[in-house]
Amino acid sequence: MSTVTLPVARVSTRALLTGGVVAGPLYVAVWLSQAFTRDGFDITRHPASLLSNGGPGWIQTTNFIVSGLLCIGAAIGLRRTMAVRGSSGVRGRVWGPRLLAAYGLGLLLAAAFPADPAAGFPVGTPADYAEISSRGMGHFVAGTIGFSGLIAACFVFGAHFRAVGRRTFARFSVVTGILFFAAFAGLSAGAGSRPTIIAFDLAVILGWTWITAICRDKR
């Protein structure tokens, strides 16, 4: 009787990429379920990071940790599969996964340095409260690292997909990078206005959709 043994590396790579497929829907589901149930939270006024405050704040903190780890795992899986399927000269096979891992690192740092209470959330916080503490500054740095990594990863993967003839994925990657950059820049310049927060929320969903798509494609 013969048995078939699958290489451990191949199984673990598929599992890592599956984690990347799951990360986005999981993050968005946990975020939105809180956004519409937490007392005083207004999704048009409050960024997801504020959910780390208050009694149930551990839920969003855990969400950052789990999604960050899954994202880093997906980056490892992408690096493996791109190294196997592509030649050493294929664009993006090294820096694409590294930059995606930077996004995961940013999520982990966001958990370590929660955002400060602001704009009336959690309940009891003054509506005009906008003081930035040392942990709040750490959260800002975490966001800069993570979002910059994601934006750059979109463009690097865009070059990769273009080099291997995957034009649809190349366009999807570049458009995602452009829109996310615009939303992030708008949020930074708009000082938390409703339009900029809504645009950024949509960009976050788009970014996770892109991660899900490329992990599913490479799996």
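The values are calculated or read from the model by the stated rules, or taken from the named source; none is laboratory data. Since we're looking at a predicted model, the values are computed, not measured. Positions of Cβ are generated from backbone atoms using ideal geometry, with glycine treated the same way; all protein chains shown enter the neighbour counts. Heavy atoms of the whole protein, side chains included, go into the accessibility calculation; ligands, DNA and RNA do not. Shrake-Rupley method; radii C 1.70, N 1.55, O 1.52, S 1.80 Å.
Numbers below:
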{"read-out": "The chain: most fluctuating residue of ALA152, ALA119, ALA23 per GNM, C-alpha cutoff 10 Å", "value": "ALA119"}
{"read-out": "Label zone at SER188 (point 7 Å along Cα-to-Cβ), backbone N below 13 Å, the range 142-170", "value": "142-152"}
{"read-out": "Choice from LEU150, LEU187, LEU78 showing the highest fluctuation, given a GNM over the chain with Cα pairs closer than 10 Å", "value": "LEU187"}
{"read-out": "Percent carbon-and-sulfur accessible area, the chain, ignoring ligands, DNA and RNA, probe 1.4 Å", "value": "68 percent"}
{"read-out": "Residue-averaged 222 nm ellipticity for the chain, from DSSP H runs of 4+ at -39500 (n - 2.57), nearest 500", "value": "-25000 deg cm²/dmol"}
{"read-out": "Estimated vicinal HN-Hα couplings, Hz - the range 99-115 in sequence order (Karplus 6.51, -1.76, 1.60; Gly, Pro = x)", "value": "5, 5, 5, 5, 5, x, 4, x, 5, 5, 5, 5, 6, 6, 10, x, 5"}
{"read-out": "Probe 1.4 Å, protein heavy atoms only - accessible area per residue of the chain in square angstrom", "value": "49 Å²"}
{"read-out": "Principal-axis tilt of helix 134-163 within the chain, Cα atoms, nearest 10 degrees", "value": "30 degrees"}
{"read-out": "Selected from SER148, SER33, SER173 as most flexible by GNM, with the chain as the system and alpha-carbon contacts under 10 Å", "value": "SER33"}
{"read-out": "Estimated distance in nm for a label pair at ASP39 and GLU131, the labels positioned 7 Å out from Cα along Cα-to-Cβ", "value": "2.3 nm"}
{"read-out": "Value of Rg to Rh for the range 129-219 (Rh from inverse mean 1/r over Cα pairs, i.e. Kirkwood)", "value": "1.06"}
{"read-out": "Whole-Å semi-axes of the ellipsoid equivalent to the chain (Cα gyration tensor, √5λ, descending)", "value": "34, 19, 14"}
